1. Where both partners of a DSSP beta bridge lie in the chain, what percent of those bridges are antiparallel, to the nearest 5?
2. Would you list, by chain and number, the aspartates and glutamates whose Cα falls below 17 Å from the Cα of Lys247, excluding same-chain residues fewer than 8 positions away?
3. Once you charge only the Cβ atoms, +1 for Lys and Arg and -1 for Asp and Glu, what is the size of the charge dipole of the chain about its Cα centre, to the nearest 20 debye?
4. Listed highest first by mean packing, meaning other Cβ atoms within 10 Å per residue, what order do 178-184, 234-240 come in?
5. Report the gain in length on full extension from Val57 to Gln210: 0.36 nm times residue separation, minus Cα-Cα distance, nm rounded to one decimal.
6. Give the cross-link partners of Lys147 among the aspartates and glutamates, using a straight C-alpha distance below 18 Å as the criterion and excluding same-chain residues fewer than 8 apart.
7. Given the DSSP H assignment, sum -39500 (n - 2.57) over each helix run of at least 4 residues in the chain and divide by its residue total; what's the result at 222 nm in deg cm²/dmol, nearest 500?
8. What residue among Gly36, Gly189, Gly151 shows peak mean-square fluctuation when the chain is described by a Gaussian network model with Cα springs under 10 Å?
Amino acid sequence: MLTANPTLDGALLPVYAQLPVRPVRGRGSWLEDENGERWLDAYGGHAVASTGHCHPVVVRAIAEQAAELLFYSTALAHPLRERLATELTARCPHPLSKVFFCNSGAEANENALHLARRLTGRSLCVSLQGGWHGRTVATLAVTDGEKYRAGARAAGIPLSRQIPVNDLHALERALDADVAALLVEPVQGMAGARDLSPDFLRGARALCDQRNVLLIYDEVQCGVGRTGHFTAAESFAVVPDVLTMAKGLASGFPMAAVVTTPRVAAHLSVGDLGSTFGGGPTACAAALATLAVITDERLLDNVRLVSEQLRRGALALGPTRVVGVQGRGLLLGLRLQRPAAEVQQALLKKRVLTGTASDAQVLRLMPPLSFSTAEAELLLAALAEVLQ
Ligand code: PMP
């Protein structure tokens, strides 16, 4: 959720509000604009720059693979695709051990919904208030917000049944014999890094098991290390039947994954899912390099360390400025006394990028997983000045 940019004209469709920054180079947590000015990036290209901008290991992997075999579709096997499948599922909790690669968060979620409908033979989805799942018609139908749902309604797609977050009684009523899936973000990104209660997720898991409904985690924003564990499923200690990832998975190279269990996979055969670009060799090289950097540079430890620093530092500004901090790891929402959009603008004057949310009082932080303690201090200092 960004601020309108009156300079956006010309041949591009006018569908994006943009911040007034024109980056031409990025390194780590920093962007450089056309005038050579440096910007501290606590927005991370919308939680995408997991290993920081232009990590040399990721850049080299992309360049080398592009020179070898830039692309071939899944019509032919490729060793990197197989290696990535093994490495990615090894980082997911048991029994999530099967993966399908595609290109974007919405595509991953749409495929997850296909799996649920196929397995259960039912069609309805239950989703949460504040949930945000993508822009294809099937994902608009499960996203909160009238302007999104209207798009699905216009296309004739049945809308999800929406329930309030953390409300197990409402969930119990909603999960009837027509429901194929419960779709949730363990940490709701667009809603302002709102983390669900572990009790709710545990209860949801039990109800889904009882009623043979698939539990799907949309970890497009909160996955790939962002919570301080590789998956949010591990962070919350509740494992879904299907888990989707995208954004940070290949550090900015388009790549998404649908991870599932052998039980779900047993219902699939050749031709049931597909994607021309999904799991292409260069995307796989970028994702493998991203996983290697997350492991080799102990970025999950860094996420936990810096998250605690940001949380404590923000709360230390006092309740007249920061009412509370929500979220996990490096997907944090600072609940402010002032409208977050105003604070975001004031931070931009200090050349610091942050995000807002559908909740107008919440400033969203989603910096690279490599955000350093020194960079966190700079961000907190800028925040302290702006909130004076
Ligand atoms: N799910 C979540 C939780 C998201 O945050 C987003 C993107 N903001 C999506 C799905 C859609 O991802 P994409 O834009 O890659 O389709």
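1. Details: 30 of 47 bridges.
Taking every DSSP beta bridge within the chain, about 65 percent pair in antiparallel fashion.
2. Asp41, Glu107, Glu110, Glu185, Asp218, Glu219
3. Numbers: 37 positive and 36 negative charges, 79 e Å.
Dipole about the Cα centre, nearest 20: 380 debye.
4. Values: 178-184: 24.0, 234-240: 21.1.
Most protected by this proxy first, the peptides run 178-184, 234-240.
5. Values: separation 153, 0.36 × 153 = 55.08 nm, distance 4.55 nm.
So the extension gain works out to 50.5 nm.
6. Lys147 reaches Asp359.
7. Working: 14 runs with 146 residues, N = 388.
When only DSSP H runs of four or more count, the value is -11000 deg cm²/dmol.
8. For the chain, modelled as a Gaussian network with Cα springs under 10 Å, the answer is Gly36.
A short reminder: the numbers here are calculations on the coordinates, not readings from a lab. Everything numeric in this text was worked out from a predicted model, so none of it was measured. In this analysis, Cβ positions are derived from the backbone assuming ideal geometry, glycine residues included, and neighbour counts consider all displayed protein chains.
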